[in-house]
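Structure first, commentary second.
Every read-out reported here was derived from the displayed coordinates using simple, explicitly stated rules and does not represent laboratory data. Remember, predicted model here, so these are calculated numbers, not experimental data. All Cβ positions, glycine included, derive from the backbone under ideal geometry; neighbour counts span all protein chains shown.
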């Protein structure tokens, strides 16, 4: 019954606002003949609005398109580093990947959805912690301690909303992680579906820095500098990616534009 009500409501909104509906469809169907595709994750043009994020209209997603993944493919860690270091259209560019791990401990065991992120991820999104702190770039160099940021929901469910949770341990896949912060209850991540319940940093000892340039498994998100448009950032990324394709033809030549396939 609830689903039928949602469908009826959606149809009424389409009839009432056909121009907005067309705009949303165009945004979701955006495609360009280029090695890198960028589009804005503007609130209202995605199925779940970006909440808990500072100035969400300046937050964009960056996709690498190749023959196998289509227009909206993921990126490799080496390419991410090059984009981050060379694209000055962004205040910063972050990378992330979804993981599922088992949590154990004094409470019951369960499987949790989480995110492995570059340590600038929270700074890019402008997300603050309600307790402790979020991950920071120096955490990527930390090889002595496993760190984790947990969600408000996980904090309440497994730790009883204990205000002294920072410094306690969360055991994931039999490894102990030190909790450094709890996110604001309004932040639910960037992906549709089940919100993440923990965030782990990409560190120098993790698999991502060791991956090859052709191993594309990371999603990228960036914050545009004030006054910079997505089109300007797109042009800059296209130039960088074309340069990478010339330098690394075995892994990146397949990301160059293909004629007559613009959508």
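Could you tell me how many cubic angstrom of Cα convex hull volume region 98-247 has per residue? Spell out each step's value before the answer.
Values: hull volume 20.6 nm³, N = 150.
Residue-normalised Cα hull volume stands at 137 Å³.
Ordered by the count of other Cβ atoms within 10 Å of each Cβ, fewest first, 112, 125 give 112, 125.
Going by C-beta contacts inside 10 Å, put 219, 91, 250 in order with the fewest on the left. Could you put the intermediate results ahead of the total?
Values: 219 22, 91 16, 250 9.
The most exposed by this proxy come first: 250, 91, 219.
Distance between the modelled labels on residue 235 and residue 175, one decimal in nanometres: 4.3 nm (7 Å Cα→Cβ projection).
Fewest-first ordering of 151, 74, 205 by other beta carbons within 10 Å of each residue's beta carbon gives 205, 74, 151. At full extension, residue 55 and residue 85 could sit 8.5 nm farther apart than now, given 0.36 nm per residue minus the alpha carbon distance. When its C-alpha radius of gyration is set against 2.2 N^0.38 Å (N residues), region 152-198 gives a value of 1.19. Placing dummy labels 7 Å off each Cα toward the beta-carbon, the span from residue 210 to residue 142 is 2.1 nm. Based on the alpha-carbon gyration tensor of region 104-187 and its eigenvalue square roots a ≥ b ≥ c, which shape applies: rounded if a/c is under 1.5, prolate if not and a/b is larger than b/c, or oblate? Because a/c hits 1.5 or more and a/b fails to exceed b/c, region 104-187 counts as oblate.
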